[in-house]
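Undergrad: One structure, pasted below without further comment.
The values are calculated or read from the model by the stated rules, or taken from the named source; none is laboratory data. No experiment lies behind these values; they were computed from the predicted model shown. Heads up, the Cβs are rebuilt from the backbone with ideal geometry, glycines too, and the neighbour counts pull from every protein chain shown.
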Amino acid sequence: MATILCMETGSTTCSVALGSESGVIGFREVSDANIHASALPVLIEELIRETGFELGNIDAIAVSMGPGSYTGLRIGVSLAKGICYALHKPLIAVGSLEAMVTGVGEFINMESINNNSLLSPMIDARRMEVYTQLFNRKGEMLSEVKALVVETDTFSDLLKKNTVVFFGSGASKCQQVIGNSGAIFVEHFKPSARYLLPLAQKKFRDELFEDIAYFEPYYLKDFVPTRPKNRIIPD
């Protein structure tokens, strides 16, 4: 039974979870967009201490691969690769949107939606853009990851035939522009390292490991640096 350390750093919440096929053994998180680099090692140290595990006895490291925050993903992947390299452990990469689907059942009763319903996890991608992907009610992938500009007709064709469940940090953008009875918006959802665990366990069983030397996060689009809000020297 594999014991896997999971890391989620692609959103404003930074979290780590330790688990096996029996479920989550321990979990730690902090919600602050600007402290992932300093918080992540501390969270791991606290988690290991609280659960009584030794890092060297863990079977694999799993990390959210994106899409998501460029800086957050880079921090998580860099630390995961470093641990794997130092301890000779396999690296498992889990799609951020796919992991979100495994956790949405904590926020909505999946039995209450019809069998034709679609799941659309969304990650905020600046302005009116979102990263999203479509899944069926069983969590099976129906489309590739896309960066979309949310407009009134973006999901109109889908909503004519299906109920679509929107959730994640980008879903509120859709709620503002989509007025359709077929749209369900899940509030207060946030990514979590706990949601990586079932997918990571399956990849471990199938030996779907990443090349530590060459693996990079799935950014989807180029990083665009932002200016600080309070500038000392004006333009």
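Undergrad: Would you mention how many residues in segment 1-47 are among the aliphatic types (A, V, I, L, M) and not in a strand (DSSP E or B)?
TA: Total satisfying the criteria: 11.
Undergrad: Take the residues of segment 48-70 that are free of Cβ contacts under 8 Å to residues at least 40 places away in the same chain and part of a helix (DSSP H, G or I): which is surrounded by the most Cβ atoms within 10 Å (Cβ to Cβ)?
TA: ILE48
Undergrad: At least 3 residues that are at pLDDT 90 or above and at negative phi in each: list the helices (runs of 4 or more DSSP H) lying fully within segment 99-209 that qualify.
TA: In segment 99-209, 197-205 are the helices (runs of 4 or more DSSP H) which contain 3 or more residues that are at pLDDT 90 or above and at negative phi.
Undergrad: Kindly evaluate SER117 against the criterion of being polar (S, T, N, Q), touching a strand residue (DSSP E or B) at 6+ places or on another chain (Cβ under 8 Å) and either buried (at least 16 other Cβ atoms within 10 Å of the Cβ) or farther than 29 Å from GLY72 by Cα (or both).
TA: Values: polar (S, T, N, Q): yes; touching a strand residue (DSSP E or B) at 6+ places or on another chain (Cβ under 8 Å): yes; either buried (at least 16 other Cβ atoms within 10 Å of the Cβ) or farther than 29 Å from GLY72 by Cα (or both): yes.
When the stated conditions are applied, SER117 passes them.
Undergrad: Yes or no: segment 2-14 includes at least one residue that is touching a strand residue (DSSP E or B) at 6+ places or on another chain (Cβ under 7 Å), surrounded by 17 or more Cβ atoms within 10 Å (Cβ to Cβ) and charged (D, E, K, R).
TA: Yes, segment 2-14 contains a residue that is touching a strand residue (DSSP E or B) at 6+ places or on another chain (Cβ under 7 Å), surrounded by 17 or more Cβ atoms within 10 Å (Cβ to Cβ) and charged (D, E, K, R).
Undergrad: For residues in segment 161-183 being in contact with a strand residue (DSSP E or B) (Cβ under 6 Å, 6 or more places away or on another chain) and aliphatic (A, V, I, L, M), which is farthest from GLU98 (Cα to Cα)?
TA: Per the criteria, the residue is ALA183.
Undergrad: Any residue at all in segment 17-38 that's of a type in the set (D, E, K, R), under 20 Å from LYS89 (Cα atoms) and modelled with pLDDT of 95 or more?
TA: no
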